Amino acid sequence: KQEVTQIPAALSVPEGENLVLNCSFTDSAIYNLQWFRQDPGKGLTSLLLIQSSQREQTSGRLNASLDKSSGRSTLYIAASQPGDSATYLCAVMNTDKLIFGTGTRLQVFP
Amino acid sequence: DTAVSQTPKYLVTQMGNDKSIKCEQNLGHDTMYWYKQDSKKFLKIMFSYNNKELIINETVPNRFSPKSPDKAHLNLHINSLELGDSAVYFCASSQVNRYGYTFGSGTRLTVV
C-alpha cells in the first residue's frame, strides 16, 4: 500500500531564504508525481508535474526533483516571499489514483 | 472559464438531511474524482469515474452515492448526513490517469 510522507510538517522562515520541502513514498511504481499548493480555505493549485521518466521540472522559482528508485521528491523554492505562504502537498499517481502526502505548512515572514 | 467547478461552495445542513454536490469539468478529461479533506487537512480519494463508469470506490459508506450523467459531470449525493461527514469535498479530473489532476475549489460541508 502506497504511503506518502512529507517533511517537515511545518516551516517558518524569513523572506529571501531558499527552501527545500521533502516528500517520500513507499512504492516506487508510480506514473508521476505532482506538487500542489493550497491556500487556507481554498482549493488546490497544481505547481509542477513530474512524469516517472523525468528527473526534474522547473517553473519560475520552483524546482521539483524526482528520484523514483529511492522513493523521494524535493520541491525547491528559491528566494522565498511572503506570498509563498501556504500548505504544499505532494501526491503520487499509482495505477489509478492520486495519493496525497500529509503536507508541509509554510510561512514566510517579511 | 473555470476548468473544474463545484457547487455549492458552502453547505450547512442538519444531521439526517440528504444533500448533493455537483461538479462539472470543461477540460475534456475522461476521468473524474471525488476527494475528501478531513479536519487534519488530509486528502483521500473516495470515488473515480472513467467515461461514466465507476472505477474506484474506496470503502465509502453506502450513504454516499456518486452519479455521472456524462463524462463532464460527476455529482455526489449524501443520504442521512452525520456529524462526521463534515469536511471539504474536492472534485478533480484528469486525462488517461497519467497526466496531472485539476481540482475544483472545494465544497465545505458542515453538518450540525
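Couple of notes before you dig in:
- Residues satisfying the stated conditions in the range B:5-31, i.e. closer than 25 Å to residue A:95 by Cβ and at pLDDT 95 or above: B:23, B:25
- The test for being within 14 Å of chain B (Cβ to nearest Cβ), within 15 Å of the chain's Cα centre (by Cα) and under 26 Å from residue A:110 (Cβ atoms) holds for residue A:45.
- Each residue in the range A:57-109 was checked for being more than 16 Å from residue A:22 (Cα to Cα), modelled with pLDDT under 95 and away from chain B (no Cβ under 14 Å), and 0 pass.
- If the condition is being of a type in the set (S, T, N, Q) and either at the interface with chain A (Cβ under 7 Å from one of its Cβ atoms) or surrounded by 14 or more Cβ atoms within 10 Å (Cβ to Cβ) (or both), then the range B:37-51 contributes B:37, B:48, B:50.
- Residues in the range B:32-70 that are under 25 Å from residue A:89 (Cβ atoms), part of a strand (DSSP E or B) and hydroxyl-bearing (Ser, Thr, Tyr): B:33, B:35, B:48, B:49.
- Scanning the range B:61-83 for residues that are among the charged types (D, E, K, R) and either facing chain A (nearest Cβ under 8 Å) or without any contact (Cβ under 8 Å) to a residue 40 or more places away in the chain (or both) yields B:63, B:67, B:70.
- For the range B:84-106, the candidate set comprises residues that are surrounded by fewer than 22 Cβ atoms within 10 Å (Cβ to Cβ) and among the hydroxyl-bearing types (Ser, Thr, Tyr); within that set, the residue that is farthest from the other protein chains (Cβ to nearest Cβ) is B:86.
- Boolean, residue A:108 is assigned to a strand (DSSP E or B) and surrounded by fewer than 21 Cβ atoms within 10 Å (Cβ to Cβ): yes
- Filtered residues of the range A:69-103 (kept if in contact with a strand residue (DSSP E or B) (Cβ under 7 Å, 6 or more places away or on another chain), in a loop (DSSP other than H, G, I, E, B) and among the polar types (S, T, N, Q)): A:80, A:81, A:85, A:102
- Here is the figure for the range B:71-104: residues that are in a loop (DSSP other than H, G, I, E, B) and within 20 Å of residue B:28 (Cα to Cα) total 10.
The values are calculated or read from the model by the stated rules, or taken from the named source; none is laboratory data. The structure presented is a predicted model; accordingly, all values stated were derived computationally and were not measured. Virtual Cβ from ideal backbone geometry, glycine too; neighbours counted across all protein chains shown.
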